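Taking it in order: structure first as structure tokens, then the write-up.
The values are calculated or read from the model by the stated rules, or taken from the named source; none is laboratory data. All values derive from a computational prediction rather than experimental measurement. Methodologically, a virtual Cβ is constructed for each residue, glycine included, from the backbone with ideal geometry; neighbour enumeration extends over all protein chains shown.
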Amino acid sequence: MQPHTAKISKRVVDAFPIPQAGETVLWDTEIKGFGVRVYATGRKVYILRYRRGQQQRTLTIGTHGSPWTPEQARTKAQVLLAEIITGGDPASDKKAERQAMTVGKLIDAYLADGPATKPAKRASTWKADKSNLERHLCPILGSRLADEVSKADAAKAIQAITDGKTARTVKTGPRGVARISGGAGTARRTRITAAAMFAWGIEHELIKTNPFAAIKLAAAPLKERDLSPAELRAIWETLAVHEAEHRINPTFADGIRLLMLTGARKSEILGLRWSEVDLGRRMLTLPPERTKAGGKTGERRIRLSAEAANILARRDHSSDGDQVFPGLKGGQHATGVLRPFKRVCKAAGLSGVRIHDLRHSYASALASNGVSLPIIAKALGHSGTRATERYAHLGDDPIQAAAAQVADLVFNATQPANAA
């Protein structure tokens with residue numbers, strides 16, 4: 001079979017056919033040994049093939065797409081060829097680097113270089129990943145060679161985190177401490193983060209295996225609570241009392257009210273900027289990086305009721321800052337709403353209520369009033385209806401009413417005309 005050859009460009013690579021099985025290689029006509037390997041999965045990887053003595057070696061440059069364009073891959077191939085001509089062996093160097101890659105070094109590389117390769121991932125998510133990896137995974141496996149970590153080793157590490165063996169208190173400054181607890185929830189999140197990190201390491205030729213990918217954990221128990229209209233009213237009225245008595249900061253009170261009226265996430269409301277608010281159109285427009293599914297859905301638009309718009313209209317907009325709910329430090333938004341929220345719930349006679357339950361209750365109210373799942377998903381900022389399907393059972397009342405109407409029609413149609 002004749003080899004596939006062409007001057008490699010984005011147009012050529014994008015149009016190159018995907019093989020039915022296995023892989024094919026398209027070789028560049030200008031740089032010897034430079035090519036793109038195309039897999040049946042659709043993945044396209046830039047490579048450089050060269051000889052070192054009697055051995056032929058293939059070096060992976062990177063996957064087609066962000067950040068590797070044909071031009072960047074071509075430049076990298078030229079740099080590598082110059083190194084080879086002067087006696088270097090980049091394939092052996094990469095192998096040695098991979099063999100010396102510990103889990104700790106992989107964590108450092110992932111946290112340092114990962115954000116540039118995953119631009120849609122939010123800064124808050126990277127912060128959570130850093131905590132899971134550095135505070136829980138690294139103490140257990142940090143010194144181990146990444147490619148020598150087995151599935152059993154990974155499972156034992158996750159079990160240790162579940163059992164709280166990484167729990168400790170760490171000083172974060174002259175007067176600050178962080179209490180690291182571990183537990184099942186932390187273990188679940190660490191497993192997901194570790195699997196993503198190892199997958200990233202494989203993609204960037206730092207390691208070869210992903211021991212966390214196949215670990216199965218029990219699903220997290222659902223904690224959502226569907227607040228009744230009476231319970232929501234109790235929270236609303238207690239907020240007013242606490243605010244009138246100066247027992248809650250108005251910033252927190254208004255933030256909680258908006259969470260109740262929009263179904264938005266806590267970070268979406270407390271991090272709100274005036275540049276994201278359009279009171280004339282009664283809409284909030286959040287950029288992709290400010291919302292969980294922004295990488296898939298783009299901008300998130302939150303429609304405001306008249307009451308929600310009034311809450312924003314009465315907020316102080318006279319300061320120079322852009323934060324709608326400013327914190328104590330300039331340029332930052334308010335934090336620490338959970339404690340006053342718990343006090344309000346306790347005063348309202350409610351126990352076991354999480355602030356996220358306000359979002360759940362908002363969606364439940366929509367479902368109970370017959371709003372379709374696609375509309376609820378749009379209102380919540382979900383990328384699809386799968387995450388919204390948990391509310392489907394709450395829409396049964398309109399369906400049951402419709403079924404009763406059909407039964408009534410059928411029943412009446414089967415009665416004798418002269419029936420009493």
Search result, residues across region 296-331 that are small (G, A, S), modelled with pLDDT of 90 or more and surrounded by fewer than 13 Cβ atoms within 10 Å (Cβ to Cβ): S305, A306, A313
Hey, any hits in region 269-288 for a residue that's in a helix (DSSP H, G or I) and surrounded by 22 or more Cβ atoms within 10 Å (Cβ to Cβ)? yes
Only one of (1) in contact (Cβ under 8 Å) with a residue 40 or more places away in the chain; (2) surrounded by 19 or more Cβ atoms within 10 Å (Cβ to Cβ); (3) under 30 Å from T186 (Cβ atoms) does not apply to D226, and that is (2)
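For (1) surrounded by 15 or more Cβ atoms within 10 Å (Cβ to Cβ); (2) within 23 Å of the chain's Cα centre (by Cα); (3) outside the structural domain of V170 (by TED's automatic domain parsing), each residue gets a yes or a no:
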{"position": "A116", "(1), (2), (3)": "no, yes, no"}
{"position": "S124", "(1), (2), (3)": "no, yes, no"}
{"position": "L133", "(1), (2), (3)": "yes, yes, no"}
{"position": "C138", "(1), (2), (3)": "yes, yes, no"}
{"position": "L141", "(1), (2), (3)": "yes, no, no"}
{"position": "L145", "(1), (2), (3)": "yes, no, no"}
{"position": "V149", "(1), (2), (3)": "yes, no, no"}
{"position": "K156", "(1), (2), (3)": "no, no, no"}
Go over the candidates V353, V371 one by one and state the one that is outside any helix (DSSP H, G or I), of a type in the set (V, I, T) and touching a helix residue (DSSP H, G or I) at 6+ places or on another chain (Cβ under 7 Å). V353
Condition first: more than 21 Å from I202 (Cα to Cα) and in contact (Cβ under 8 Å) with a residue 40 or more places away in the chain. Can you find one or more residues in region 15-27 that meet it? no
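Within region 344-367, restricting attention to residues that are of a type in the set (S, T, Y) and crowded, with 16+ Cβ neighbours inside 10 Å, which residue is modelled with the lowest pLDDT?
S364
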Leading residue by the ranking (surrounded by the fewest Cβ atoms within 10 Å (Cβ to Cβ)) among those in region 1-50 that are farther than 19 Å from E71 by Cα and of a type in the set (V, I, T): T41
Looking at R122, is it at pLDDT below 95, under 30 Å from L286 (Cα atoms) and touching a helix residue (DSSP H, G or I) at 6+ places or on another chain (Cβ under 6 Å)? yes
Odd one out for K292, checked against (1) under 27 Å from S383 (Cβ atoms); (2) assigned to a helix (DSSP H, G or I): (2)
Which condition from (1) in a loop (DSSP other than H, G, I, E, B); (2) more than 21 Å from K121 (Cβ to Cβ) is the one that I302 breaks? (1)
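Which residues, taken from region 205-254, are farther than 30 Å from V45 by Cβ and charged (D, E, K, R)?
Across region 205-254, the qualifying residues are K223, E224, R225, D226, E231, R233, E237, E243, E245, R247, D254.
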